[in-house]
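J.: One structure follows; several queries about it will come next.
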Amino acid sequence: MESKIKVTVMGCGHVGQYSARAVQLAPDMELTGIIEMGCRLDEIRCMFSGIPVVESVEDLPEKPDVVILGVPSRTVIETAPKLLAAGIRTVDAFDMHGDPFMNLRETLGPIARENGSAAIMGAGVDPGVSTIIRSIFEMWAPTGLTYVTYGPGMSMGHTVAAKSYAGVRNALSITRPGDPGCHKRDLYLEIAPGFEFEEVKGRVLADPYFNHDDVRVFQVEDVNPLIDMGHAIQIHRKGGASGIDNQLLSFETTFHNPASTAQVMVSAARAVTRLQPGAYTMMEVPPLMYLLEGERLLKRLF
C-alpha cells in the first residue's frame, strides 16, 4: 500500500477545523500537525487530541507533504512563498479576485518550480468549483453570457476582513442576491468600547473587499444570533452552441460554506501531490487528480 499523504493544516478557524476533520476522514491521508497562534494552542490541542499543535512549521515533528492554508487570503501572500521555498506543497482558498489573484499566481509559480514544490490556488467553492462549472458552461456554449448570483449567505472572506479592523469586536458579512448576475452585502458590526461606529464603518468600507459593492452596514450588540454559515450560488448561461442560440445552462446549489470549502481544499491537497512543480488554479488540474479512486469513477461513468 502506498504511504499516506502527510497533511498539516495552518490556521484552525472554521475552515481550518473542517479541513483537519476532512483529512482525518480521508483514507489516503494522515493529519500530521496543526499550526496555530500561541493563544489558541491549548484549545486546539483539546479539539485534536494526539495531533501535534504548534506555532510554526519548523516546530512540527516531521516535514509535511502538503500544508492546507486555512488562513485569511491576505496571509496567504506572506505564508505560501515560504512554504513552497522549503519544498512543501500548499493549497489555499485565496478569494481576492482579479489582479490580486493573478499576481499571486505569478509570484508562487517561479518559487514552486525552483524548489520542486507545487501550489493549488483558490481551492474552494468560489473561486474553485464554481469557476470550473463556469468554464464547462463556456465549453458547452462558447458564445453568450454567464450570470452568477450569490447568496443569501455568510461570506467567510469578507467577514474575516471586517474583523481585522481596530474597533471591530466581531462582524458578520452576508451576501444577498441583487439583480441577475449581481450581488449586494449586509455587514453587521459589533463596535468595541471607545470607538465610534461611523468612523469604523468608513474604514471598513474603504477595504477592497467592500469598496466595489453595494453594502448596507448595521451596528449590533451581538452578531452571534445572526450567524448561519449556509450559502447559495446560482450560475446561469444563455448562449450558443454550434451556431444555434438559446442554449440555457443552469447550476444551483446551497451548501455549508466552511465545510464545503474545507472538503475542496482536502481534495486539492491530494491533487497537488500529483502535479509537476508550479502554481495552478483548480481549472488547470485534471479532475481525476482530486479523487481517491479516479479509475473506478471512470469505469462507473463510462
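The values are calculated or read from the model by the stated rules, or taken from the named source; none is laboratory data. Bear in mind that the values here come from a model prediction, so they are computed numbers and not experimental data. Cβ: placed from backbone, ideal geometry, glycine included. Neighbour counts: every protein chain shown. Quick note on the areas: whole protein, heavy atoms, side chains included, nothing else; ligands and nucleic acids left out. Shrake-Rupley method; radii C 1.70, N 1.55, O 1.52, S 1.80 Å.
J.: Could you count how many residues in the stretch 247-276 are within 14 Å of Met121 (Cβ to Cβ) and either out of contact with any Phe, Trp or Tyr (no Cβ under 7 Å at 6 or more places or on another chain) or modelled with pLDDT under 95 (or both)?
T.: Total meeting the criteria: 6.
J.: Cβ-Cβ below 6 Å, separation at least six or inter-chain, first residue in the stretch 4-17 and more than 16 Å from Arg270 (Cα to Cα) and touching a residue at least 24 places away in the same chain (Cβ under 8 Å), second hydrophobic (A, V, I, L, M, F, W, C) and part of a strand (DSSP E or B): which pairs?
T.: Met10/Ile35; Met10/Val67; Met10/Leu69; Cys12/Ile34; Gly16/Val9
J.: Can you tell me which of (1) small (Gly, Ala, Ser); (2) at pLDDT 95 or above; (3) out of contact with any strand residue (DSSP E or B) (no Cβ under 6 Å at 6 or more places or on another chain) is the one Gly33 doesn't meet?
T.: Only one criterion in (1) small (Gly, Ala, Ser); (2) at pLDDT 95 or above; (3) out of contact with any strand residue (DSSP E or B) (no Cβ under 6 Å at 6 or more places or on another chain) is unmet by Gly33, namely (3).
J.: For Ala262, state whether it is within 20 Å of the chain's Cα centre (by Cα), of a type outside the set (Phe, Trp, Tyr) and surrounded by 13 or more Cβ atoms within 10 Å (Cβ to Cβ).
T.: In short, yes.
J.: Which one of the conditions (1) closer than 21 Å to Met229 by Cβ; (2) touching a Leu at 6+ places or on another chain (Cβ under 9 Å); (3) small (Gly, Ala, Ser); (4) open to solvent by less than 20 Å² (accessible area, probe 1.4 Å) does Ala93 fail to meet, given that it meets all the rest?
T.: (4)
J.: Taking the stretch 155-167, which residues are aliphatic (A, V, I, L, M) and either more than 15 Å from Val215 (Cβ to Cβ) or in contact with a helix residue (DSSP H, G or I) (Cβ under 6 Å, 6 or more places away or on another chain) (or both)?
T.: The answer is Met156, Val160, Ala162, Ala166.
J.: Sticking with this structure for a sec: Just checking, how many residues over the stretch 265-286 are touching a residue at least 24 places away in the same chain (Cβ under 8 Å) and open to solvent by 40 Å² or more (accessible area, probe 1.4 Å)?
T.: 5
J.: Oh, and also: Residue by residue through the stretch 112-126, note down the ones that are among the small types (Gly, Ala, Ser) and assigned to a strand (DSSP E or B).
T.: Ala118, Ala119, Gly124
J.: Spot the failing condition for Asp207; the list is (1) closer than 23 Å to Met96 by Cα; (2) in contact (Cβ under 8 Å) with a residue 60 or more places away in the chain; (3) out of contact with any Pro (no Cβ under 6 Å at 6 or more places or on another chain), and only one is missed.
T.: Asp207 satisfies all of (1) closer than 23 Å to Met96 by Cα; (2) in contact (Cβ under 8 Å) with a residue 60 or more places away in the chain; (3) out of contact with any Pro (no Cβ under 6 Å at 6 or more places or on another chain) except (2).
J.: Restricting to the stretch 56-102, what's the tally of residues that are more than 11 Å from Ala119 (Cβ to Cβ) and either among the acidic types (Asp, Glu) or part of a loop (DSSP other than H, G, I, E, B) (or both)?
T.: 21
J.: Looking at Tyr188, is it assigned to a loop (DSSP other than H, G, I, E, B), hydroxyl-bearing (Ser, Thr, Tyr), within 25 Å of Val15 (Cα to Cα) and open to solvent by 20 Å² or more (accessible area, probe 1.4 Å)?
T.: no
J.: With the requirement that a residue be part of a strand (DSSP E or B) and either of a type in the set (A, V, I, L, M) or open to solvent by 20 Å² or more (accessible area, probe 1.4 Å) (or both), what does the stretch 1-41 give you?
T.: Ile5, Lys6, Val7, Val9, Met10, Met29, Glu30, Leu31, Ile34, Ile35
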